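The values are calculated or read from the model by the stated rules, or taken from the named source; none is laboratory data. The shown structure was predicted, so the numbers you read here are calculated from the model rather than taken from an experiment. Every residue, glycine as well, gets a Cβ built from its backbone with ideal geometry; the counts of neighbours run over all protein chains shown.
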Amino acid sequence: MSKAPQKPPQKPRGTQDMIGEAAARFDHVIATFNRVRQLYGFGRVEVPVFESTAVFARSLGETTDVVSKEMYEFQDRGGDSMCLRPEFTAGIARAFIENGWQQFAPLKLATWGPLFRYERPQKGRFRQFHQLDAEILGAAEPAADVEVIALGQQLLSELGIADQIVLTLNSMGDPETRSAWSAAVAAYFAAHRGDLSEDSQRRLDANPLRILDSKDAGDAALVAGAPQIDEYFTVEAGAFFESLRKGLQASGIAWQRNARLVRGLDYYRHSVFEFITENLGAQGTVLGGGRYDGLIGHMGGPDTPAVGWAAGIERLAMLVAEPALPSVAVAVVGVGAESEAPALSLLNDLRRAGVAAEQGWRGNLKKKMERAGKSGARLAVLIGSDEVAAGTMTVRDLGSGEQVVVSQAEAVTAICARLASGGLKG
């Protein structure tokens, strides 16, 4: 009795497989980020993909949706509670404390990689997703905020999508400002509790400022009338925000005020910002961040000012123009068993010389030349029995059809010269 065929395995819900254009877009975002962050002096940092659950419970708060509903938690073989990282900042803060990196402050750090949250997959949002991340640790000056925002702005510009995106900005003030403002907001919404959505009523008891971020249409009128933070600025908080605004102006960075943009956790101070677009539907934020001066102290480290942002690679990749797919400059076409050794030797030498080269493995000469043409290569190098016997190679321009014969010993030099000159006549 024959067994029923097994169902082929499938990727987990909320994950993705990428090749071709999707992978090229992804690579383009990362390559651009790495180039731009080096212009700004942001060094690479690496932190583990999994951490102790307590790292994120302490930094994000036990009652937040991320901790209570979305983290991928597991118990390791030693019985410790671990989780896949849902964001970068807490892990970087943990590393800063554990490794004594305060001796190097101010530190400008950047990273990218996969993050994990168990939530409903939708356009541009996955359960395994990827982010870029940039942080400045140990700098209390508004100029540091300007620096990270300018980094984000230049990244978007060099990706060619800045005209699709608007920078929105607000302030959370200093602790005294935030405390007074939060109390006023709580009192205001408490007086209208019965008119709030069910979700906002829950937030009223846990974190009233989060009501300002409500997407419920029924909450909109109440949110519009809520107290604004400017009314509660201390002299220091007002001066910080003014300095930030002047710094952005001096840097040529346009922005819009969003007085309802908030961060719910107490360790956020002063600037909060988001780069948003209308081209991704409801998921409009492509890059967001702010100043979190209280986080490292909250996690048990020394009081350390810090500011940073994160950006979704998938969302950025959806906005960029279609990038050129990876192509080769030279296609090596060998015919016959005797061509294998010189073809492999040429491929190795070309690649070591910095020339992208590929070879065809199967089919007759016609088929191999067809694939060479489709590869995007500018030149094809033909090696047949006649060339092997003569110690030569035939170099053909795949655009014009012109070809020349060169010796094997001079092949790499000749090919590089012809690529540099734009053709075979150079």
Of the residues in segment 231-251, those that are under 26 Å from the mean Cα position of the chain (by Cα) and under 18 Å from Pro305 (Cα atoms) number 1
Pairs needed: first member in segment 120-133, on the phi > 0 side of the Ramachandran plot; second member anywhere, polar (S, T, N, Q); C-beta distance under 9 Å; at least 6 residues apart or different chains. Gly124/Gln283
Could you name every one of the helices (runs of 4 or more DSSP H) located completely within segment 309-400 that has at least 1 residues being touching a residue at least 12 places away in the same chain (Cβ under 8 Å) and in the same structural domain as Pro86 (by TED's automatic domain parsing)? 313-319
Do we have Asp303 as crowded, with 16+ Cβ neighbours inside 10 Å and either assigned by TED's automatic domain parsing to the domain that holds Val45 or outside any strand (DSSP E or B) (or both) here? no
Can you tell me which condition Pro86 does not meet? The list is (1) out of contact with any Leu (no Cβ under 7 Å at 6 or more places or on another chain); (2) free of Cβ contacts under 8 Å to residues at least 60 places away in the same chain, and all the others hold. (1)
Can you tell me which of Ala180, Ala144, Ala139 is surrounded by 20 or more Cβ atoms within 10 Å (Cβ to Cβ), in contact (Cβ under 8 Å) with a residue 24 or more places away in the chain and in a helix (DSSP H, G or I)? Ala144
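In this structure, does Val404 turn out to be out of contact with any Gly (no Cβ under 7 Å at 6 or more places or on another chain), farther than 17 Å from Ala353 by Cα, part of a strand (DSSP E or B) and not aromatic (Phe, Trp, Tyr)?
yes
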Can you tell me which of (1) of a type in the set (Asp, Glu); (2) touching a helix residue (DSSP H, G or I) at 6+ places or on another chain (Cβ under 6 Å); (3) over 20 Å from Thr413 (Cα atoms) is the one Glu370 doesn't meet? (2)
The listed residue being touching a Gly at 6+ places or on another chain (Cβ under 8 Å) and either modelled with pLDDT under 95 or outside any strand (DSSP E or B) (or both), out of Leu244, Leu280, Leu261, Leu248: Leu280
Within the bounds of segment 153-167, is there any residue that is surrounded by fewer than 19 Cβ atoms within 10 Å (Cβ to Cβ), over 18 Å from the mean Cα position of the chain (by Cα), at pLDDT below 95 and outside any strand (DSSP E or B)? yes
